[in-house]
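A short write-up of the structure that comes next.
Just so it is clear, none of the values below were taken in a lab; they were calculated from the coordinates. These figures come from a predicted structure and were not determined experimentally. So basically every Cβ, Gly included, is an ideal-geometry build from the backbone, and we count neighbours across all protein chains shown.
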Amino acid sequence: MPENTLQDDIKKYINPWKGFVKRRAKGILKHDYLVPGGPYEEQWDWDAFFVGMALSAEIPTEAVFLKNWALNYLESADDTGYVPGCLVPAGFDPRLKQMKPFMAQGCYFASRSLNDFEWLKDETLYQKLIKVVMYRENHGCFDKELNLGGWTNSMESGADNNLASLDYPDNSVASVDFNSFLYLEYKSLSLISRKTGRIQDAQQFEEKAENLKKAILEKMWDKTHGTFYNINLKDKSFITVVSYSSVHPFWAGIATQEQADTFFKNYLLNPNKMLSPYGIRTQSKDHAGYNNVNMIKPYSNWQGPIWPIATYIYVQSLMNYGYEKEAREIAEKVIKLCIQDIQKSGGMHENYDAETGEPLAAPNFVSWNLLLVDVLNQIDRKENPFQLLR
């Protein structure tokens, strides 16, 4: 009898968890929505976005949950475009301040998968979408001189204790991950505007995307160290921490091939830096703050452990620049970690020890781990969904 392939094991062990992430509409969440599984009843911004991407990768009609995700946020946003990143049936959870820059991407991918952009022709909804995307530039942490923005604080970034922004005063760090997400938001708005016949808006947001790309390349790339760094807005200096956030310009397709070759060799695929025997670390091993502590309060640990969501971003980054072999190797390692976890503990965790592969925090965690279901197929097809935005 032939040995099970990794794809067979994915279907057997990871696929069944898809049923744990769906919730019926309730309270202010007027549309059926997605949660990180387990005990959660909240709609979190990037959790639900990536879960929606995972579900629709196999079954396009499941993108209705991405559409619902967007509608729940858009219908809850105020006239300035402010809407917290976490919505609960009873109201807002203010811990994450403004939602992360994924709104336009969610709307675009939902519409594309459902083959329906008609709902975005509604002018009221479209204008609310623009206000949500533009909120941070108009009302948040955004340095007009640099043309770069950032999170209110590290917790809002989702990479809770990332040392590239942790413990800095609120609104004082221009973040590589934030600006890469925002670049894709502008590209998505441009595509949505074009699809709905708003050609002038499409040109405007395409121009904003290109200007932001230029700022990221010129201001955030350190030629000396060969990496992208966050910037301390108080003195415009680099925050010299190589971490998960440093990788995002490669994921967004902003970086050049030369920059990718340099960063991948010196950091991402370097065992003394980011590469571990079990995947890719969330912080470079040679940093004094590197650790694999099992913690979830007050922060989840992004100072070293392997995260499936970070793996998804790393794998797509490698694919974008022709490193398919390495992308597959990394993806397979982390998929095996999750499957072994399910076999031993009955569920997955949100992160894993980069030195031992042992599960760390949040048992029975589902959420964006579901992205691993289709990632090998994407590698085989040489298809990164986010390339569609470029």
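Worth a mention:
- Global form of the stretch 217-333, assessed from the alpha-carbon gyration tensor, a/c cut-off 1.5: oblate
- Cα-Cα over 29 Å, subset of 128/223; 234/285; 265/344: 128/223; 265/344
- Tensor-based shape of the stretch 225-286 (alpha-carbon gyration tensor, a/c under 1.5 rounded, otherwise prolate or oblate): oblate
- Inter-centroid distance (Cα atoms) of the stretch 56-125 relative to the stretch 216-274, Å: 30 Å
- Proxy reagent accessibility, fewest Cβ within 10 Å first, across 349, 225: 225, 349
- Above-threshold pairs, the threshold being 21 Å between Cα atoms, out of 12/382; 18/325; 131/187: 12/382; 18/325
- Highest average first, the peptides 282-291, 361-370 ordered by how many other beta carbon atoms sit within 10 Å of their residues are 361-370, 282-291.
- Once Rg and the Kirkwood radius are both taken over the C-alpha atoms of the chain, their ratio Rg/Rh works out to 0.94.
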